[in-house]
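Rule-based calculations on the coordinates, nothing more; no lab input. Computed from a predicted model, the values in this text were never measured in an experiment. We place every Cβ from the backbone using ideal geometry, glycine too, and count neighbours over all the protein chains shown.
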Amino acid sequence: MPDQHETALPLPWLRPETSADSAPAPDPIPHDSGALDRSALDLGDPDRGDLDPTDWPAFRATAHQALDGILDHLATLRDQPVWQKTPEPVRAALRTGLPDEGEGIGAVLDQFQRLIQPYATGNTHPRFMGWVHGGGNVAGLLGEMLAAGLNANLGGRDHAPILVERQVIGWMAALFGLPAETGGLLVTGTSIANLIGVLIARAAAAGPEVRRAGVEGLRLAAYTSAAAHGCIPRAMDMAGLGTDALRLIPTDKLGRIDLAALEDAIAQDRAAGIRPFLLVGTAGTVDIGAIDDLAALAPLARREGMWFHVDGAFGALAAFAPKLRPLLAGIEAADSLAFDFHKWGQVPYDAGCILVRDPALAEQAFAAPAAYLRHEARGLAGGAPWPCDFGPDLSRGFRALKVWFTLKTYGAAHLGSAIARTCTLAQDLAARVDAEPELERLAPVALNIVCFRYRFPADSDRHTAELVADLQEAGIAAPSTTTIDGKLAIRAAIVNHRTRAEDIAILVDAVLALGRRRARG
Ligand SMILES: *Cc1c(COP(=O)(O)O)cnc(C)c1O
């Protein structure tokens, strides 16, 4: 019976138990197909010193081939393995010295297509379910490419790209029910957005002089749940407050911060003369996607005089889906909110966002006058306030364009239905796991994350880790793992808009097949 199941897998790359080492190794570096136009080898004239093409029509042809190549790749994802390990000859080919003489754009593009494209993370693939990675989208691809063409610096000054970023910030503030004056920035990701939130909270609590005098002697404490992302303690560390000043409050059965334990911890700190200054709620925990009771946390933070920051890295964008929106009740009361466009928002990496209810407090935490950055009332140096006054970066790319392309091309409703569908698929996966006696579900499904495992008779953690590596190396699917109540779990986070019911079936069939094979020993 088990064998029948294995052969039923519709996957050419799930090979029988022959080890990859004994099989004849396929040539890991496909040969140059000769399809690329080598006449575009020359870019710029070294004697002249500029970097523009000497032959624009030839470069244009190569540029079109580059775009066609990546679109072909995206259009045929289902025929490809989710992931394949970068073979040693490819690694060696990528380890070369800095070229002194240029190789030309045609040769570089050719190397991209042969050495890099086949061996990427795999998160564009519909069966990538590891960690919480977004799938990207083609409108965002164009936005990213065109932003590179404009090469705008969004640190400040008066130009349309800054208006686009402000528009994106305004849209998101409205989506979350924050006031129209809300400020914010697009940043690399939620790790940095959370750090910015902590730094603003620090200056709000200790006053702007903390930037000069440092934090010595301040007895400040922050609170978040034990299920919070590791970048929250890291933000405390980087802000100089130390991870000891962060209280990790236990969670309830649903993975949400335990309110009674939180109030106890605050009371204990107050009794010890320590000042509670920051409460970080999570909308979508990394392990299981739980959403803290934000509607209860907001008034508690206000009552205690604490800054209320929400880490909504992936979960906050549930706001695009009308059915899921009520789960976020209370988010509109956040003093600051961090989230990613590059996860559920499907914007190509990287694109995170920090929203700040009162932008004057962000300015107080970051603005630094410098003579050469003088803001003027008119001319290119106008356009105040400048983004560099609200965060740590001075030079900033036009990250907002790929977000703007994505939001305008698809609209909130379409993105919301893609997000809602991943949650439906997670419910379907949970139901299938619950129906299979050989499988065991390890956590409730709040949003789009399902944690489960094969019931191995012994040595379960080791077998589970190996099974997940088997799945990944076979190119079938790429879930990741996490630990739930001391047990290693297969963690499937359905984030990609391309994932369908058939992909869930392939994942479960493969887990059963590989689990049986391992259980037989
Ligand atoms: C992913 C994630 C982060 C970190 O975001 P990056 O964009 O990877 O920096 C923080 N918090 C939560 C809850 C996350 O899921």
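Figures for the structure shown
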{"read-out": "Residue among H73, S480, A222 farthest towards the positive dipole end of the chain, charges placed on Cβ", "value": "A222"}
{"read-out": "S225 long-range amide H proximity, modeled H, under 5 Å", "value": "I249"}
{"read-out": "³J(HN,Hα), Karplus 6.51/-1.76/1.60, whole Hz, each residue of segment 307-322, x for Gly, Pro", "value": "5, 10, 10, 10, 8, x, 2, 9, x, 4, 6, 4, 4, 6, 9, x"}
{"read-out": "Global form of the chain, assessed from the alpha-carbon gyration tensor, a/c cut-off 1.5", "value": "oblate"}
{"read-out": "Surrounding net charge for R357, when Lys and Arg each add one and Asp and Glu each subtract one, Cβ distance under 15 Å", "value": "-4"}
{"read-out": "Unit charges on C-beta of K, R, D, E only; dipole of segment 339-378, Debye", "value": "100"}
{"read-out": "Proximal charge balance of R275 [Cβ under 9 Å; K/R count +1, D/E count -1]", "value": "+1"}
{"read-out": "Total lysine pairs under 30 Å (Cα atoms) in the chain, excluding pairs fewer than 8 apart on one chain", "value": "12"}
{"read-out": "Within segment 103-245: Cβ-based charge dipole about Cα centre, in debye rounded to nearest 20 (Lys, Arg +1; Asp, Glu -1)", "value": "200"}
{"read-out": "Ordering of 266-274, 391-399 by burial proxy (mean other Cβ atoms within 10 Å per residue, highest first)", "value": "391-399, 266-274"}
{"read-out": "Computed E for D350/R455 - FRET, C-beta separation, R0 45 angstrom, nearest 0.05", "value": "0.70"}
{"read-out": "Cβ-defined net charge surrounding L254, 13 Å radius [Lys, Arg +1; Asp, Glu -1]", "value": "-3"}
{"read-out": "About the Cα centre, charge dipole magnitude for segment 397-521 (Lys/Arg +1, Asp/Glu -1 at Cβ), debye", "value": "420"}
{"read-out": "Of the DSSP H helices in the chain, those whose Cα atoms cover at least 15 Å axially and whose Kyte score averages -0.5 or more", "value": "56-75, 138-150, 160-176, 190-206, 259-271, 400-435, 501-520"}
{"read-out": "Listed peptides 230-239, 405-414 by packing density, highest first (mean Cβ within 10 Å)", "value": "230-239, 405-414"}
{"read-out": "Packing rank of 434-446, 183-195, where each peptide gets the mean count of other beta carbons within 10 Å, highest leading", "value": "183-195, 434-446"}
